[in-house]
Amino acid sequence: AAPLLHGYFRSSCSWRVRIAFALKGIDYDQVPVNLIKDGGQQLTDQYKELNPMQQVPAVTIDGVTLSQSLAIIQYIEETRPGPALLPADPQKRAKVRMICDLIASGIQPLQNLYVLQKIGEDKVSWAQHFIIRGFVALESLLKETAGKYCVGDEISMADICLAPQVYNAERFKVDVDQFPTIKRLNQTLLALEAFSTSHPSCQPDTPADLRA
Ligand SMILES: O=C(O)/C=C\C(=O)CC(=O)CC(=O)O
């Protein structure tokens, strides 16, 4: 059976997994989990069986169900042929993981839906604060590591994390022009088919008013 992605069109972590599938040329099916409708379909008992953290994405693949986007992507990397998503060189590999963790641990969770719901007011300024704080650090790292892509001239898991986080930054009205390296890399990435076909604007569950 084809892998089954339980995700949400504009969840940045779901988009990471869609990019990885697209880069590897893997066909997959999608089950939309609407994070807003009915108070959040990720909060149902049925979904909790798939991911006890009650977050998207979850992927059923090769008879197992996995959650946590980076674990899913590394499973895809370790079991599927196609372009390598991690460089062979240990230092480059460490830099890719450093950038992934900066985004996946240091930025994205702080602007995630369940955190914003918990803080109540000032959602936008809260999210902007943590995105900008992270992007200041990321910009200085990427100035050193980037070639055509985040780390050198080969696409990697770092690029898979970057474009969805820039999409979120734009949703929260962060001025990405302040970060020229991030901006340039994002433009390069969005021009790739693996990023455009997996984009939040064209998923099965994208609402009509947000379709490109
Ligand atoms: O506003 C909504 O429609 C609900 C949630 C999201 O889009 C996804 C997130 O919570 C942020 C993220 O993926 O980083």
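The values are calculated or read from the model by the stated rules, or taken from the named source; none is laboratory data. All values derive from a computational prediction rather than experimental measurement. Cβ placement follows ideal geometry from the backbone for every residue including glycine, while neighbour counts extend to all protein chains displayed.
With respect to (1) under 30 Å from Leu4 (Cβ atoms); (2) hydroxyl-bearing (Ser, Thr, Tyr); (3) not assigned by TED's automatic domain parsing to the domain that holds Gly39, the lone exception for Thr65 is condition (3).
Looking only at the stretch 7-47, residues that are surrounded by 22 or more Cβ atoms within 10 Å (Cβ to Cβ) and more than 14 Å from the ligand (Cβ to nearest atom) come to 3 in all.
Have a look at Gly134, Gly152 and point out the one that is within 19 Å of Leu86 (Cβ to Cβ) and more than 11 Å from the ligand (Cβ to nearest atom). When all the criteria are applied, what remains is Gly152.
Taking the criterion of being within 16 Å of the ligand (Cβ to nearest atom), assigned to a helix (DSSP H, G or I) and not basic (Lys, Arg), the residues of the stretch 167-181 that qualify are Tyr167, Asn168, Ala169, Glu170, Val176.
Would you confirm whether any residue within the stretch 35-54 is more than 20 Å from Gln165 (Cα to Cα) and touching a helix residue (DSSP H, G or I) at 6+ places or on another chain (Cβ under 6 Å)? Checking the stretch 35-54: at least one residue is more than 20 Å from Gln165 (Cα to Cα) and touching a helix residue (DSSP H, G or I) at 6+ places or on another chain (Cβ under 6 Å).
Checking each residue of the stretch 110-126 against the condition of being part of a helix (DSSP H, G or I), among the β-branched types (Val, Ile, Thr) and either closer than 28 Å to Pro87 by Cβ or assigned by TED's automatic domain parsing to the domain that holds Gln55 (or both) gives no match. The residue that is surrounded by the most Cβ atoms within 10 Å (Cβ to Cβ), counting only those in the stretch 81-103 that are within 16 Å of the ligand (Cβ to nearest atom) and in contact (Cβ under 8 Å) with a residue 60 or more places away in the chain, is Ile103.
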